[in-house]
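Student: One structure, pasted below without further comment.
The values are calculated or read from the model by the stated rules, or taken from the named source; none is laboratory data. Fair warning: this is a prediction, and the values are worked out from it, not measured in the lab. Using ideal geometry, Cβ is built from the backbone for each residue, glycine included, and neighbour counts are taken over all protein chains shown.
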Amino acid sequence: MKKFFIIFTVIILSSLSIAAYFQPDVRPGKGVTGFGWLSDYHEGLKGTNLDTPVYFMDSGEEGATFLLMGGTHSNEISTMMTATMFIERAVVKKGRVIVIPYSNKSGVSVNDTRNPNIDHFLPIETKSGPRFIVYGDRRTDPEDQIYPDPEVFKHYQSDFTLEDGAEARNLNRQYPGVADGNITQQLAYAIIQLIKEEGVNINLDMHESDPPGFTYKNSNGSTYSSGRLAYMLVCNPAETALEIGAIAAMEVEMYDLPIKLDQSNPAFRGLSHLEIGNYTDSLSFLCESPNPGMSQQEFPDVLYDEDFPLKHRIGWNLTVISSLIDGYNMMFGDSLEIDNLPDYFEIMDNGFEEYLN
């Protein structure tokens, strides 16, 4: 226990004082065949807190390339832990998988600004001993962005605007990115370059949203229900992407799991599922699992909530991933095959911790 405390203290002090050197805990398994950095695709990220590891899992057998992204928003922890579990457990038998577990590493190096009551480091017990899940912020750390937030956010390639200027630090508003823009724009640009250079055929950007079952009040006194985005699979409007999404949704339902299917709204610019699909040849998707930390609870349990525990959210994500791959294979032949991942019921029975190194 004393050793546990010392390690935890060192990690906290390091992340507070030298955030640029902060590296989340990922322990690659036997399926990882290569490693790189996002700065390999855009040198502007090199030496910044937004440069992030990229893991390659190549079967050596000809097939499609799938990109899995977690941590676009660093308070959406099921996305980062699903990607981490994939890196630590999965073995690709056909085709190739590229995983970016912490897409915006700057956000994970600082505390969540939406709910400061959620601990930055969340301890868990695994078969190899204690580990920590890092609960970060939705946006790039202002210190890493350098430029102050504008009064109004404006998407670079369009006339789309938002009143909240802090959205300039939101990776999922910046696609397809800008090579010489602010650092978050450069981050989006680097991901686009990776997709182009690596010939990514299909990609999934994982997210979390507020869970259903809550009622909120507007400033005018009216009420609305939570969870509109929870359990959503969003597809790029390309016909093939919509067809694969429909196949995936039917398969998820066969597990008796909830899922809602939607397509990108072209009026809302900068989002990964719209812009990646429009600016590259990759079929693009985004999914949303329900995170209690995004409810209006003062002290939510983001790990073991009774209704939306982390194991349920990871299991749902993995089910969406396997269903999308099945849909892709139905459309294009058996181009991707992945082994050694638990299914939803195994994770629910054994806990997600069982499947981490």
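Student: Just wondering, is there one or more residues in the stretch 236-253 that are among the hydroxyl-bearing types (S, T, Y) and in contact with a Leu (Cβ under 9 Å, 6 or more places away or on another chain)?
Tutor: yes
For (1) closer than 27 Å to T184 by Cβ; (2) acidic (D, E); (3) surrounded by fewer than 16 Cβ atoms within 10 Å (Cβ to Cβ), each residue gets a yes or a no:
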{"residue": "A246", "(1), (2), (3)": "no, no, yes"}
{"residue": "A267", "(1), (2), (3)": "yes, no, yes"}
{"residue": "H273", "(1), (2), (3)": "yes, no, no"}
{"residue": "S289", "(1), (2), (3)": "yes, no, no"}
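Student: What do you reckon, is Y156 of a type in the set (S, T, Y), surrounded by 16 or more Cβ atoms within 10 Å (Cβ to Cβ) and under 22 Å from the mean Cα position of the chain (by Cα)?
Tutor: Answer is no for this residue.
Student: Just checking, which of G107, G95 is touching a His at 6+ places or on another chain (Cβ under 9 Å) and crowded, with 21+ Cβ neighbours inside 10 Å?
Tutor: Answer to the check: G107.
Student: When residues of the stretch 110-140 are filtered for being surrounded by fewer than 17 Cβ atoms within 10 Å (Cβ to Cβ) and either under 17 Å from the mean Cα position of the chain (by Cα) or under 24 Å from Q186 (Cβ atoms) (or both), how many remain?
Tutor: Final tally of qualifying residues: 1.
Student: Name the residues in the stretch 318-357 that are over 30 Å from E239 (Cα atoms) and of a type in the set (G, A, S), would you? Outline the logic, then answer.
Tutor: Initial filter on the stretch 318-357 (over 30 Å from E239 (Cα atoms)): 340, 342, 345-357.
Passing the criteria: only G351.
Student: Here is a list of conditions, (1) in a helix (DSSP H, G or I); (2) buried (at least 16 other Cβ atoms within 10 Å of the Cβ); (3) not acidic (D, E), and M250 meets all of them except one; can you say which number that is?
Tutor: (2)
Student: Run down G227, G199 and say which single residue is touching a Pro at 6+ places or on another chain (Cβ under 6 Å) and either surrounded by fewer than 23 Cβ atoms within 10 Å (Cβ to Cβ) or not aliphatic (A, V, I, L, M) (or both).
Tutor: G227
Student: If you take just the helices (runs of 4 or more DSSP H) that sit entirely in the stretch 87-197, which of them hold at least 3 residues that are among the polar types (S, T, N, Q), at pLDDT 95 or above and farther than 29 Å from G60 by Cα?
Tutor: The helices (runs of 4 or more DSSP H) meeting that bar are 183-197.
Student: Sticking with this one: Quick one: is P309 without any contact (Cβ under 8 Å) to a residue 24 or more places away in the chain, closer than 20 Å to G70 by Cβ, surrounded by 15 or more Cβ atoms within 10 Å (Cβ to Cβ) and not aliphatic (A, V, I, L, M)?
Tutor: Taking the combined requirement at face value, the residue satisfies it.
Student: Let me ask you something else. Considering each of G315, G270 in turn, give the residue that is farther than 30 Å from Y156 by Cα and of a type in the set (G, A, S).
Tutor: That would be G315, the only listed residue that is farther than 30 Å from Y156 by Cα and of a type in the set (G, A, S).
Student: Further, regarding this structure: Pairs please, first residue from the stretch 343-357 and over 19 Å from V302 (Cβ atoms), second anywhere and at pLDDT 95 or above and of a type in the set (D, E), Cβ atoms under 8 Å, 6+ apart in sequence or on different chains.
Tutor: These pairs meet every condition: N357/E88.
Student: Is there any pair linking a residue in the stretch 170-194 that is among the β-branched types (V, I, T) to one that is at pLDDT below 95, with Cβ under 8 Å and at least six apart or on different chains, and which?
Tutor: Close Cβ pairs satisfying both conditions: I183/I146.
Student: I need every pair where a residue in the stretch 24-45 that is surrounded by 13 or more Cβ atoms within 10 Å (Cβ to Cβ) and among the β-branched types (V, I, T) has its Cβ under 7 Å from the Cβ of a residue that is modelled with pLDDT of 95 or more and part of a loop (DSSP other than H, G, I, E, B), sequence separation at least 6 or different chains.
Tutor: V26/P101
Student: Further question: Mind listing whichever residues of the stretch 222-247 are in a loop (DSSP other than H, G, I, E, B), in contact (Cβ under 8 Å) with a residue 24 or more places away in the chain and on the phi < 0 side of the Ramachandran plot?
Tutor: S226, L229, A230, N236, P237, A238
Student: Sticking with this structure for a sec: Conditions first: (1) over 30 Å from K127 (Cβ atoms); (2) hydroxyl-bearing (S, T, Y); (3) in contact with a strand residue (DSSP E or B) (Cβ under 9 Å, 6 or more places away or on another chain). Y279 passes all but one, so which condition is the exception?
Tutor: (3)
Student: Tell me which residues, restricted to the stretch 253-299, are among the hydroxyl-bearing types (S, T, Y), within 30 Å of P116 (Cβ to Cβ) and assigned to a strand (DSSP E or B). Spell out the reasoning first.
Tutor: At the first step, the residues of the stretch 253-299 found to be among the hydroxyl-bearing types (S, T, Y) are 255, 264, 272, 279-280, 282, 284, 289, 295.
After this cut, where a residue has to be within 30 Å of P116 (Cβ to Cβ) as well, the list is 272, 289, 295.
Listed by number, the list holds a single entry, S289.
Student: Test F66 against the stated conditions and say whether it is among the hydrophobic types (A, V, I, L, M, F, W, C), in contact with a strand residue (DSSP E or B) (Cβ under 6 Å, 6 or more places away or on another chain), closer than 19 Å to H207 by Cβ and part of a helix (DSSP H, G or I).
Tutor: For F66, the condition - among the hydrophobic types (A, V, I, L, M, F, W, C), in contact with a strand residue (DSSP E or B) (Cβ under 6 Å, 6 or more places away or on another chain), closer than 19 Å to H207 by Cβ and part of a helix (DSSP H, G or I) - is not met.
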